[in-house]
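Structure first, then comments.
The values are calculated or read from the model by the stated rules, or taken from the named source; none is laboratory data. Everything numeric in this text was worked out from a predicted model, so none of it was measured. FYI the Cβ positions are ideal-geometry reconstructions off the backbone, even for glycines, and counts take in every protein chain you see.
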Ligand code: 2BA
């Protein structure tokens, strides 16, 4: 079994979760914050059989969009004030796939 951590935009999280659910994949949604922009995003935890990992990644990919964000440089998590706004491309999604040693529902 594998566990996917997928960091997605808040706006994309609804369609991603809905489509995963329609295809029979369970997920847990965590409210998270990006360490760079300090803006809210969503981290999904999805436990799946190894043979389903690519299907899940494809669903996430289909429903996660990349977005350009213009932010004041003094809004960042560290001192980077150039006086000019910064353009950052965020997403689609950042996905980690990790091995699960044991999975139990008791
Ligand atoms: P944030 O850390 O807020 O990063 C938002 C976007 O800012 C990133 O988009 C990237 O385009 C840019 N960025 C991040 N760190 C940067 C840096 N040190 N220098 C220049 N630009 C930087 P994404 O790469 O699409 O990441 C979206 C969110 O996914 C991140 O939000 C973070 O919450 C998560 N993430 C991305 N890579 C990660 C990693 N290696 N480990 C843990 N979380 C990660």
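Points to keep in mind about this one:
- Residue among 80, 103, 96 that alone is exposed (fewer than 13 other Cβ atoms within 10 Å of the Cβ), more than 18 Å from the chain's Cα centre (by Cα) and modelled with pLDDT of 95 or more: 103
- Matching residues in the range 64-78 - criterion: being assigned to a loop (DSSP other than H, G, I, E, B) and free of Cβ contacts under 8 Å to residues at least 24 places away in the same chain: 72, 78
- Each residue in the range 27-58 was checked for being assigned to a loop (DSSP other than H, G, I, E, B), in contact with a helix residue (DSSP H, G or I) (Cβ under 8 Å, 6 or more places away or on another chain) and farther than 18 Å from residue 92 by Cβ, and 1 pass.
- Only a single criterion out of (1) farther than 11 Å from residue 4 by Cα; (2) loosely packed, with under 11 Cβ neighbours inside 10 Å is not satisfied by residue 63, namely (2).
- Residue 28 being at pLDDT 95 or above and within 9 Å of the ligand (Cβ to nearest atom): no
- Within the range 91-106, residues that are on the phi > 0 side of the Ramachandran plot reach partners that are not in a loop (DSSP other than H, G, I, E, B) with beta carbons closer than 8 Å, at six or more positions or on different chains, in the pairs 91/8; 91/12; 91/67.
- Odd one out for residue 61 among (1) assigned to a helix (DSSP H, G or I); (2) touching a residue at least 40 places away in the same chain (Cβ under 8 Å); (3) within 15 Å of the ligand (Cβ to nearest atom): (2)
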